[in-house]
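S.K.: I'd like to ask you about the structure that follows.
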Amino acid sequence: RWSVDKIVDNLQSYPQIIQASDQLIKNETVAFPTETVYGLGGNAQSDEAVSKIFAAKGRPADNPLIIHIAERSQLEAFVESVPEKAEKLISAFWPGPLTMIFNKKVGALSDLATAGLSTVAIRMPDHPVALALLKKTGLPIAAPSANSSGKPSPTTANHVWEDLHGRIAGIVDGGPTGVGVESTVIDCTEDIPTILRPGGITKEQLMEAIGEVRLDPALQDSEQAPKSPGMKYKHYAPDAPLYLVDGERAFMQKLVSEKRKEGLSVGVLTTEENKNYYDANVVITCGSRADLRTVASGLYDALRQLNHENVDIIYGEIFSTEGVGAAVMNRLIKAAGHRIITN
Ligand code: TXA
Ligand code: MG
């Protein structure tokens, strides 16, 4: 198992990291693994590098990037202040899948990276390759998920290659990522912090660390404008329409059979527990219901597999919104464009 110190002390044995660091310093873009998903990195202090990130992904310019750092001591250079609750969250969850929004220090980072906002999103990833790379560059690295805008986030180097080859300077392959869904984004600029995007750190964990936390109302009501610009965009949608099914598996099988009788090729997005139950053209498993962390970890690969199967329509199971289930259901509902069939 890699450890960050081992890598940093023996960098000559990790030429991919040295090369990636050189490219980042030259304001090129490089994809690298984090514990959540692969990120597409660029020097957050360079308009040139940040422009290349937006161009490679086809990302709208009004959607700000997360700035990645390797050490707590880097933070003060980029933010106006670190509120007490934010300090507690840092102690509890960094390095880890928690992105915090602060008031930004003017002039410290490319304004393109923060999409001209007065706030900035910062996180310290918990992955030895990411941390070694960040340490080697010594730079704040802007890194959105390394997918084409709108596609599921990449959880393997191969996913990155599928979307971005020929458009970026390189990919550091660190194997599959662990958490599988992106970091939780929490706005720490107000007295009671607000979750803007559910992710790898759960609401339950946050409340244990700092007490009351709010949820951006837009997370429960699709009519409201989200406070996180990226949350308003269509995301993760497979090529075929996905319908989530809130009901027994027999009900879902009935829907599948009806569409097959109409001559459609039907895909099913299911779990280990139910994968042998369905009779469909394609059955894809994303993980085990017994541990929702496995579902988070396998979800994006499952959505990508469904894209490769050329089905006409997809039915998918739903999950509890407890723990990391909140992030899983947030992504699934977006992938389904809010189409849910209730028995
Ligand atoms: O796990 C992750 O967070 C991954 C890895 C690579 O670190 N990164 C990631 O970045 O998911 P991205 O760009 O795909 O998502 C960043 C989200 C977007 O929804 C964006 O709108 C939001 O963070 N964001 C960034 N800066 C913000 C700000 N100042 N205020 C509110 N939301 C912000
Ligand atoms: Mg993304």
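The values are calculated or read from the model by the stated rules, or taken from the named source; none is laboratory data. Computed from a prediction, not measured in an experiment: that's the story for all the values here. Glycine also receives a Cβ, built like all others from the backbone with ideal geometry; neighbour counts cover every protein chain displayed.
S.K.: Cβ-Cβ under 7 Å, sequence separation 6+ or interchain: first residue in the stretch 100-124 and closer than 17 Å to PHE54 by Cα and more than 10 Å from ligand 1 (Cβ to nearest atom), partner assigned to a strand (DSSP E or B) and at pLDDT 95 or above. Which pairs?
M.R.: Going by the 7 Å Cβ cut-off, the qualifying pairs are LEU109/ILE67; LEU109/VAL120.
S.K.: Still on this structure, I have one more. Let me spell it out: the conditions are (1) hydroxyl-bearing (Ser, Thr, Tyr); (2) more than 20 Å from THR36 (Cα to Cα); (3) touching a Gly at 6+ places or on another chain (Cβ under 7 Å), and SER320 meets all of them except one. Which number is the exception?
M.R.: Condition (3) is where SER320 drops out.
S.K.: Of these, LEU219, LEU206, which one is within 15 Å of ligand 1 (Cβ to nearest atom) and either on the phi > 0 side of the Ramachandran plot or not small (Gly, Ala, Ser) (or both)?
M.R.: Details: LEU206 fails: within 15 Å of ligand 1 (Cβ to nearest atom).
The match here is LEU219.
S.K.: Another question about this same structure. Scan the stretch 217-243 for residues that are closer than 19 Å to ALA335 by Cβ, of a type in the set (D, E, K, R) and in contact with a helix residue (DSSP H, G or I) (Cβ under 9 Å, 6 or more places away or on another chain) and jot them down.
M.R.: LYS232, LYS234, ASP239
S.K.: Restricted to the stretch 297-324, and to residues that are closer than 11 Å to PRO152 by Cβ and among the charged types (D, E, K, R), which residue is surrounded by the fewest Cβ atoms within 10 Å (Cβ to Cβ)?
M.R.: The extreme case among them is ASP301.
S.K.: Could you tell me whether the stretch 121-131 includes any residue that is within 24 Å of LEU299 (Cα to Cα), outside any loop (DSSP other than H, G, I, E, B), touching a helix residue (DSSP H, G or I) at 6+ places or on another chain (Cβ under 6 Å) and not polar (S, T, N, Q)? Step through it out loud before you land on a result.
M.R.: The first filter runs over the stretch 121-131 and keeps only residues within 24 Å of LEU299 (Cα to Cα), leaving 123-130.
Pick out the ones that are also outside any loop (DSSP other than H, G, I, E, B) and you get 123, 128-130.
From the residues that got through so far, the ones that are touching a helix residue (DSSP H, G or I) at 6+ places or on another chain (Cβ under 6 Å) too are 128.
Within this subset, residues satisfying the condition of being not polar (S, T, N, Q) are 128.
The answer is yes, given that some residue of the stretch 121-131 is within 24 Å of LEU299 (Cα to Cα), outside any loop (DSSP other than H, G, I, E, B), touching a helix residue (DSSP H, G or I) at 6+ places or on another chain (Cβ under 6 Å) and not polar (S, T, N, Q).
S.K.: Just checking, which of ARG214, ARG260 is closer than 30 Å to ALA121 by Cα and at pLDDT 95 or above?
M.R.: Exactly one residue qualifies, and that residue is ARG214.
S.K.: Which one of GLY180, GLY138, GLY199, GLY174 is within 27 Å of ASP291 (Cα to Cα), of a type outside the set (Asp, Glu), away from ligand 1 (no atom under 11 Å from the Cβ) and modelled with pLDDT of 95 or more?
M.R.: Values: GLY180 fails: away from ligand 1 (no atom under 11 Å from the Cβ); GLY138 fails: within 27 Å of ASP291 (Cα to Cα); GLY199 fails: away from ligand 1 (no atom under 11 Å from the Cβ).
Selected residue: GLY174, the only one of GLY180, GLY138, GLY199, GLY174 that is within 27 Å of ASP291 (Cα to Cα), of a type outside the set (Asp, Glu), away from ligand 1 (no atom under 11 Å from the Cβ) and modelled with pLDDT of 95 or more.
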